[in-house]
Amino acid sequence: MPCFSFLFGRKFGSSAESSFGVDEEVAGIHNVKLYTYKELRNATEDFNPANKIGEGGFGSVYKGKLKDGKIAAIKVLSAESRQGVKEFLTEINVISEIEHQNLVKLYGCCAEGKHRILVYNYLENNSLAQTLLGGGHSHSNIQFSWRTRSKICIGVARGLAFLHEDLRPHIVHRDIKASNILLDKDLTPKISDFGLAKLIPPNMTHVSTRVAGTIGYLAPEYAIRGQLTRKADIYSFGVLLVEIVSGRCNTNTRLPVDEQYLLERTWDLYERRELVGLVDTSLDGDFDAEEACRFLKIGLLCTQDAPKLRPSMSTVVKLLTGEKDLDDSKITKPGLITDFMDLKVRGPPKAKSQKKTSYDKTNSETKSKSNVFTDSGKLDESTLLSSGNSTSAATSLTASYD
Ligand SMILES: Nc1ncnc2c1ncn2[C@@H]1O[C@H](COP(=O)(O)OP(=O)(O)OP(=O)(O)O)[C@@H](O)[C@H]1O
């Protein structure tokens, strides 16, 4: 069994460049396909901005054509996310072995000199964030019928169940969210961004570490105590599930105050037995109401406050497919991060002490690219919380909210 302990103490941007040559460093690392920088430069026409398809916390993503004719998404990691060659390749080695129809395939990487570049299978239909949740800014003309949504929810659940339960050691993704769900030409969902996946040795029940992830998807125990288990991913999945059914982002500060937080709204409607009202109106009523409400209830179950009340991902798959019945009596009020962090912005922001929170320059910069809490004028307090908002530098949300 390989030893992955280094992954927990990894600190992006801090590792000195190795003084060894790549060949020496990669001795013993067998499975990664290594691309030369030249090949990737050719593939992207010298990283031509016209070929840039996205920008994430880790760096820029380009579309490129590889020598063998394959189309790839080429992710150039920014300086902050640079690791030493050996650390990088060992991690990539693990990731590149993982194969599942609901996970984005990593073809290989480039670790020449200072370059750290990941080469992924290119997915034609972009991410759920840009398509389904893209609102008016979306250039997508994909019709997300109920059938398609249901297929996407089940696919993502299967991918996550695979990471959680079929792999040894298990993988906690840490950043399940709509922008990390990519769609292929048939709209099969693929979970992306394993740059943040952390490997949990089987004898470890949880890891207290820096918080990565996007606020709004963060399980309270992870956001507050940095307690990372598979249950934190299950919470994020629950939020995503409700987003897919409703076609809405988890937070939208442009909506009336009592509708801004999707999970809160879902609980509200559940209590009033009006869950069906949350289903995306763009479906024009063309959906299976029983199934849609079941999915929303599963979303509530996945986001229960106490991690142990959240079902495992394999159970979630069975609940979604109807293989297992959902017991409504198990659904209690979900864990709302807004409750814990006193984040409900109900008026002009009050000056609030930041003494318990540390956040650095990277955090404040990454806030602007967030797909939630965009209405910054109202979110003075979330500014300090947005340190957990980006996966990018996996920076510290080390504050204790007690
Ligand atoms: N394999 C891929 N196929 C097609 N497009 C991709 C692929 N990987 C990434 N992209 C595009 O690049 C964008 C940026 O991806 P990236 O994973 O770097 O960041 P993100 O998920 O948007 O944000 P964050 O880094 O905060 O998670 C994606 O939103 C998507 O549009």
Next on the checklist: For a test of the definition: using alpha carbon positions, the gyration tensor, and the 1.5 limit on a/c, classify the stretch 126-343 as rounded, prolate or oblate.
Outcome noted: rounded
Checklist entry - Counting other Cβ atoms within 10 Å, which trypsin sites (Lys or Arg not before Pro) in the stretch 83-179 have at most 12 and lie in a DSSP loop? => result Lys114
Checklist entry - Over the stretch 126-343, what is the relative contact order in whole percent, taking alpha-carbon pairs under 8 Å and six or more residues apart? => result 21
Item to check | Listed pairs Lys86/Lys231; Lys185/Lys330; Lys177/Lys330 exceeding 28 Å between Cα atoms | outcome: Lys86/Lys231; Lys185/Lys330
Item to check | Loop-located GluC sites (Glu not before Pro) in the stretch 263-336 whose Cβ has at most 15 other Cβ within 10 Å (DSSP) | outcome: Glu274, Glu323
Checklist entry - With +1 on each Lys and Arg Cβ and -1 on each Asp and Glu Cβ, how big is the dipole of the stretch 51-159 about its Cα centre, in debye rounded to the nearest 20? => result 280
Checklist entry - What net charge do the residues around Glu124 carry, taking every other residue with its C-beta under 15 Å from that of Glu124, with Lys and Arg at +1 and Asp and Glu at -1? => result +4
Checklist entry - Of Val257, Val94, which has the most accessible area with a 1.4 Å probe, and how do the rest follow in descending order? => result Val257, Val94
Next on the checklist: Give me the extension gain from Lys330 to Glu259: residue separation times 0.36 nm, minus the current Cα-Cα distance, reported in nm with one decimal.
Outcome noted: 23.1 nm
Item to check | Of the trypsin sites (Lys or Arg not before Pro) in the stretch 215-309, those whose Cβ has at most 12 other Cβ within 10 Å and which sit in DSSP loop | outcome: Arg254, Arg272, Arg273
Item to check | Mean Cα-pair separation over length for the stretch 55-166, i.e. relative contact order, pairs under 8 Å, 6 or more apart, % | outcome: 21
Item to check | Label-point separation, Lys67 to His115 (7 Å along Cα→Cβ), nm | outcome: 1.2
Next on the checklist: Output wanted: per-residue J couplings in Hz (rounded whole) for the stretch 124-132, from phi through Karplus 6.51 cos²θ - 1.76 cosθ + 1.60, θ = phi - 60°, x for Gly and Pro.
Outcome noted: 5, 10, 6, 9, 4, 5, 7, 9, 4
Item to check | Residue-span extension gain [Asn48 to Thr321] - 0.36 nm each, minus C-alpha spacing | outcome: 93.9 nm
Checklist outcome for this item: Taking 0.36 nm per residue of separation between Asp339 and Ile142 and subtracting their Cα-Cα distance, the length gained on full extension comes to 67.4 nm
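The values are calculated or read from the model by the stated rules, or taken from the named source; none is laboratory data. The structure presented is a predicted model; accordingly, all values stated were derived computationally and were not measured. Note: ideal-geometry Cβ built from the backbone for every residue, glycine included; neighbour counts use all protein chains shown. Each accessible area value is taken on the protein alone, full model and side chains, heavy atoms only, with ligands, DNA and RNA left out. Shrake-Rupley method; radii C 1.70, N 1.55, O 1.52, S 1.80 Å.
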